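For reference, the structure discussed in these notes is given below.
The values are calculated or read from the model by the stated rules, or taken from the named source; none is laboratory data. These numbers were taken from a predicted model, which means no experiment stands behind them. Don't worry about glycine lacking a Cβ; one is built from the backbone with ideal geometry, like all the others, and counts go over all protein chains shown. The area values use the complete protein model at the heavy-atom level, side chains included, leaving out ligands, DNA and RNA. Shrake-Rupley method; radii C 1.70, N 1.55, O 1.52, S 1.80 Å.
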Amino acid sequence: SLATAAAALPRDVEVGPFYEKLRDIGADFGPAFQCMKRVRCGEGEAIGEIELDDSLSGDVDSYLMHPALLDACFHVSAVAMDSLPGGDDAPMYLPIGVDGYRWFARARGPLRSHVKVRAPAVRADTLLLDVQIETLDGQRVAQLEGLRCRRASRDMFRRRADARAAAWCYEVAWQ
């Protein structure tokens with residue numbers, strides 16, 4: 001089971017500082033989209049527990065998997081990629097494609113996401129991952145095979161953060 005596999009991974013990752021680090025580089029998910037609650041990792045691998053924020057539960061039946069839950073599975077992917085050797089520049093990777101995506105069941109309740117970076121598991125411009133998503137009791141929900149993630153420029157996120165800050169300071173006034 002993924003619970004057993006998670007226990008075997010060597011390191012707990014503190015979720016709060018993880019989201020703070022993302023916010024510092026310009027990727028602010030806000031409290032409702034911080035659905036990764038617990039995560040453990042080893043080199044190129046992570047298993048995280050995902051739970052939808054109560055503020056988003058009203059429209060959960062509109063989706064096979066609420067977008068915030070799927071996004072949190074990508075947060076687990078970020079932990080797996082961050083665990084790779086090859087530098088401390090803390091690059092941000094963005095999903096750009098997937099070879100295959102299969103649904104097994106509608107996502108209900110808390111989930112567990114298991115991410116493995118495919119070999120060679122070293123930092124590069126593009127990484128390939130496999131993601132398995134299941135309920136906490138082990139029922140398969142979805143599987144992403146060959147999730148392609150590309151390194152994003154930190155400047156891109158900084159420009160976005162700078163633009164938000166500028167919006168706080170300036171106001172368009174028609175005369």
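Among the GluC sites (Glu not before Pro) within the stretch 12-54, those in coil by DSSP and having at most 12 neighbouring Cβ atoms inside 10 Å are 14. Computed with a 1.4 Å probe on the full set of protein chains, the accessible area for residue 54 sits at about 130 Å².
Looking at the stretch 1-72, the chymotrypsin sites (Phe, Trp or Tyr not before Pro) that sit in a DSSP loop and have at most 16 other Cβ atoms within 10 Å of their own Cβ are 29, 63.
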